[in-house]
Amino acid sequence: MVEAPSFRMICVAVICSIAGSFHFGFNLVLTNPSQEAFLEFMNKTLAKRFDGGLSDNTMQNIWSFVVAILFLGALVGSFSIRFIADWVGRKNGLYISIAAGVLAGGMAIASKFIPLFELYIVSRIVMGWSVSVSLGLSALFLSEASPKQNRGAIGMMTGTCVQLGTVCGSVVAMPQIFGTEDLWWLIYATEIGIMLCFGAALPFFPESPGFLIQRGATEAATKSIAFFYNCDIIDAQKHLNEIKEEQKNSTKKFKMMDVVIKKSLRDKAFIGVVVTFAMSFSGVAVINAFAFEILKDTGLDVLEASLANDAISVVSMISSVVAAVIVDRNGRRPLLLISFTGILICNLIIFGLMFTFYKFGYHVLGFILICFICIFTFFFALGPGPLCYFINAELVGQAARSAAQSWASVIQMLSRFVIVTAFLPMKNQLGEAWSYLILFVAPVAVSLVYLYFSLPETKNKNPFEVEEAIEDLPKFPLCGRSRRVHDRKISEQMVITRQMQLVEDYGSIESLSYRL
């Protein structure tokens with residue numbers, strides 16, 4: 001029977017996640033319901049330089065880039081996580097990310113009163129860097145601080161707080177609250193207040209045991225383990241020895257380029273990258289950024305679209321809690337294939353509802369659209385939402401894990417930047433329905449076919465079993481022989497070669513044996 005996390009560990013997880021990953025979700029959606037307020041601010045600010053203002057289409061094209069630029073900052077942040085974590089530590093790194101977030105929020109507020117829209121753009125880049133680093137460091141801190149038997153449950157807190165951030169951001173940025181031209185700066189003031197309140201609680205926690213052991217601070221690491229594991233010093237010393245052994249057995253580390261060069265790693269990492277790519281092109285990025293605009297364009301008024309946007313965020317949060325229960329009870333492969341199939345069907349229906357509304361203008365279609373966006377959100381939270389963050393970890397060895405995860409993060413941020421930048425310009429040129437069809441149906445369909453023939457089951461499997469699962473996958477039609485050698489017989493030399501590759505991927509034979 002799985003032991004439940006201690007109350008102390010739950011409190012630590014909540015505080016660290018709200019000081020970290022919460023703000024990623026908050027910033028994903030805050031420009032969504034308050035878009036009109038920001039467009040008015042942008043037009044008034046730039047009117048002095050463009051002889052009276054810009055056209056609606058030009059403003060939307062510029063705004064699409066401004067919304068997306070958050071992910072360029074996040075892309076830089078994803079390359080910074082490992083450096084900051086090893087330089088100052090996991091907890092101290094959170095101080096840096098929170099300070100950067102407060103600075104970015106202050107710049108956004110200042111841009112309102114100067115006024116200077118270019119300063120707001122810079123604040124989006126800095127905020128992107130901050131939320132990316134906060135997301136990575138909070139997840140790393142909790143992974144190292146939580147007891148081994150609770151890491152799954154505690155780790156899901158990161159994703160849950162991302163969804164909690166989307167709920168809070170959607171509510172605070174409503175036009176009926178702070179999402180107006182005069183009050184939008186209070187959205188950032190609210191976020192700064194949340195950052196400072198939860199950041200003030202971090203000094204009461206010790207640094208993660210893993211980092212302290214790396215620095216040779218054995219006594220501090222023992223006290224840290226006693227605090228987080230809620231045990232006495234004797235038990236803490238036993239856990240200390242286990243962590244030391246695990247670190248000793250994972251001495252070899254692959255860099256990001258090693259994953260590209262080494263075929264045995266590249267093939268597996270690419271599967272994880274495709275999962276991340278399909279997740280990004282599922283439509284969730286546009287729903288996060290422009291759901292309010294989409295619902296308004298489908299016949300809902302401002303209040304209806306605001307409440308619907310809040311409901312979508314709430315469904316997303318509830319779904320993430322359900323996913324925490326389901327994800328370890330079902331295989332990764334069926335969850336991803338079923339969820340992507342559901343997402344594909346939902347996207348086709350969403351396209352049909354948009355297209356039908358433009359043809360006939362039935363008001364009821366807007367409410368039906370809300371239902372299918374909520375169903376889409378549920379499928380997303382069951383599969384790609386949580387799984388894209390750790391499927392790479394189960395596909396590749398310990399030595400290449402961080403490098404493979406970094407590639408997945410890069411793909412996610414670049415994909416989100418491209419999608420959010422392109423959506424509004426495409427909508428203005430082709431219409432909302434056709435833009436949605438092009439961006440979010442074909443990529444999911446192609447990825448689904450690839451994953452059906454390439455994604456092995458990884459739940460509770462050691463490296464050799466994952467390799468065998470790859471061999472047993474269905475073969476793609478017209479490709480001739482199946483993945484497994486004829487008559488399902490593998491030569492002794494092939495077995496030895498595959499085992500040597502696995503040992504190399506894990507860093508050492510002791511590390512592989514330890515994992516097995």
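The values are calculated or read from the model by the stated rules, or taken from the named source; none is laboratory data. Being a predicted model, the structure only gives us computed values, none of them experimental. A quick note on method: Cβ atoms are made from the backbone with ideal geometry, for glycine too, and the neighbour counts reach across all protein chains shown.
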message: For I326, only one of the following conditions fails: (1) within 17 Å of the chain's Cα centre (by Cα); (2) at pLDDT below 85. What is its number?
response: (1)
message: For region 228-254, which positions are at pLDDT below 75 and part of a loop (DSSP other than H, G, I, E, B)?
response: N249, S250, T251, K252, K253, F254
statement: (1) over 14 Å from I370 (Cα atoms); (2) out of contact with any Leu (no Cβ under 6 Å at 6 or more places or on another chain) all hold for G272 apart from (2)
task: Scan (1) under 15 Å from the mean Cα position of the chain (by Cα); (2) within 18 Å of F376 (Cβ to Cβ) for the single condition G272 breaks and write down its number.
output: (2)
task: Kindly provide the set of residues from region 210-232 that are over 16 Å from D86 (Cα atoms) and among the aliphatic types (A, V, I, L, M), ordered by number.
output: A220, I225, A226
task: Select, from P203, P209, the only residue that is buried (at least 20 other Cβ atoms within 10 Å of the Cβ) and within 27 Å of the chain's Cα centre (by Cα).
output: P209
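Per-residue answers, yes or no, for (1) farther than 28 Å from N347 by Cβ; (2) crowded, with 18+ Cβ neighbours inside 10 Å; (3) hydrophobic (A, V, I, L, M, F, W, C):
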| position | (1), (2), (3) |
| --- | --- |
| K238 | yes, no, no |
| E242 | yes, no, no |
| F254 | yes, yes, yes |
| V260 | yes, no, yes |
| V273 | no, yes, yes |
| T276 | no, yes, no |
| E304 | no, no, no |
| S313 | no, yes, no |
- line: Of the residues in region 9-55, those that are under 17 Å from S143 (Cβ atoms) and assigned to a loop (DSSP other than H, G, I, E, B) come to G20, S21
task: Specify the residue that is farthest from the chain's Cα centre (by Cα); the eligible residues are those in region 100-128 that are hydrophobic (A, V, I, L, M, F, W, C) and crowded, with 23+ Cβ neighbours inside 10 Å.
output: A108
query: Which one of these is crowded, with 18+ Cβ neighbours inside 10 Å, within 30 Å of A99 (Cβ to Cβ) and at pLDDT below 85: S34, S64, S21?
result: S21
- prompt: What number of residues within region 431-453 are in contact (Cβ under 8 Å) with a residue 24 or more places away in the chain, among the small types (G, A, S), in a helix (DSSP H, G or I) and over 12 Å from I350 (Cα atoms)?
  reply: 2
- request: Answer with yes or no whether I225 is of a type in the set (V, I, T), without any contact (Cβ under 8 Å) to a residue 12 or more places away in the chain, not assigned by TED's automatic domain parsing to the domain that holds A13 and not in a loop (DSSP other than H, G, I, E, B).
  value: no
- prompt: A189 passes all but one of (1) assigned to a loop (DSSP other than H, G, I, E, B); (2) surrounded by fewer than 20 Cβ atoms within 10 Å (Cβ to Cβ); which number fails?
  reply: (1)
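Yes/no per residue for (1) acidic (D, E); (2) at pLDDT 90 or above; (3) under 27 Å from V325 (Cβ atoms); (4) not assigned by TED's automatic domain parsing to the domain that holds A408:
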{"site": "G73", "(1), (2), (3), (4)": "no, yes, no, yes"}
{"site": "F83", "(1), (2), (3), (4)": "no, no, no, yes"}
{"site": "F113", "(1), (2), (3), (4)": "no, yes, no, yes"}
{"site": "E118", "(1), (2), (3), (4)": "yes, yes, no, yes"}
{"site": "A139", "(1), (2), (3), (4)": "no, no, yes, yes"}
{"site": "P147", "(1), (2), (3), (4)": "no, no, yes, yes"}
{"site": "R151", "(1), (2), (3), (4)": "no, no, yes, yes"}
query: Is it true that L295 is in a loop (DSSP other than H, G, I, E, B), buried (at least 21 other Cβ atoms within 10 Å of the Cβ) and among the hydrophobic types (A, V, I, L, M, F, W, C)?
result: no
- request: Could you tell me whether region 97-109 includes any residue that is part of a helix (DSSP H, G or I) and over 21 Å from I194 (Cα atoms)?
  value: no
message: When you check S97 against the structure, is it within 30 Å of F254 (Cα to Cα), crowded, with 19+ Cβ neighbours inside 10 Å, at pLDDT 90 or above and not aliphatic (A, V, I, L, M), yes or no?
response: yes
